[in-house]
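The values are calculated or read from the model by the stated rules, or taken from the named source; none is laboratory data. What you see is a predicted model, and the numbers here were worked out from it, not measured in a lab. Cβ coordinates were reconstructed from backbone atoms using ideal geometry, including for glycine residues, and neighbour counts include every protein chain displayed. Side chains are part of the model used for accessible areas, which takes the heavy atoms of the whole protein and leaves out ligands, DNA and RNA. Shrake-Rupley method; radii C 1.70, N 1.55, O 1.52, S 1.80 Å.
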Amino acid sequence: QVQLVESGGGLAQPGGSLRLSCAASGISFWGFAMAWYRQAPGKQRDLVATITNGGSANNPDSVKGRLNITRDNAKNTMYLQMNSLKPENKAVYYCNTYLPPRWPWGQGTQVTVSS
């Protein structure tokens, strides 16, 4: 059974940074393109950033510099470095395979940005 565990969220000030982690167990995820998703209050879950199985990130210009997605296949772990945080970044962040999400969703990690 594949299990995804997200961590690293919390309360950050506007302009601050957080580093989210996603640990996968029950599978070797090196063969899968992965992604971070988020669900803001009252909204559907949507895609935040993606990374190929080889570690290449292909993300919109709008997030480059503010979001840096990386992975360590040897550790079955993926990361999301979030910089220049804004209140609108508030959401629960999840990880999964990149479209479609193939595995059971984890509990997510809450990110709140407030002064």
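Observations, loosely collected:
- Radius 13 Å from Cβ of T77, net charge of other residues (Lys, Arg +1; Asp, Glu -1): +1
- Among S21, S115, S7, the sequence by solvent-accessible area, most first, with a 1.4 Å probe is S115, S7, S21.
- 1.4 Å probe accessible area per residue over the chain, in Å²: 53 Å²
- Within the accessible area of the chain, the carbon and sulfur atoms contribute 47%, probe 1.4 Å, all protein chains present.
- Segment 1-72: relative contact order in percent, alpha carbon pairs under 8 Å with at least 6 residues between: 21 percent
- Cα-based Rg of the chain normalised by 2.2 N^0.38 Å, two decimals: 0.99
- The distance separating the Cα centre of segment 1-48 from that of segment 65-111 comes to 3 Å.
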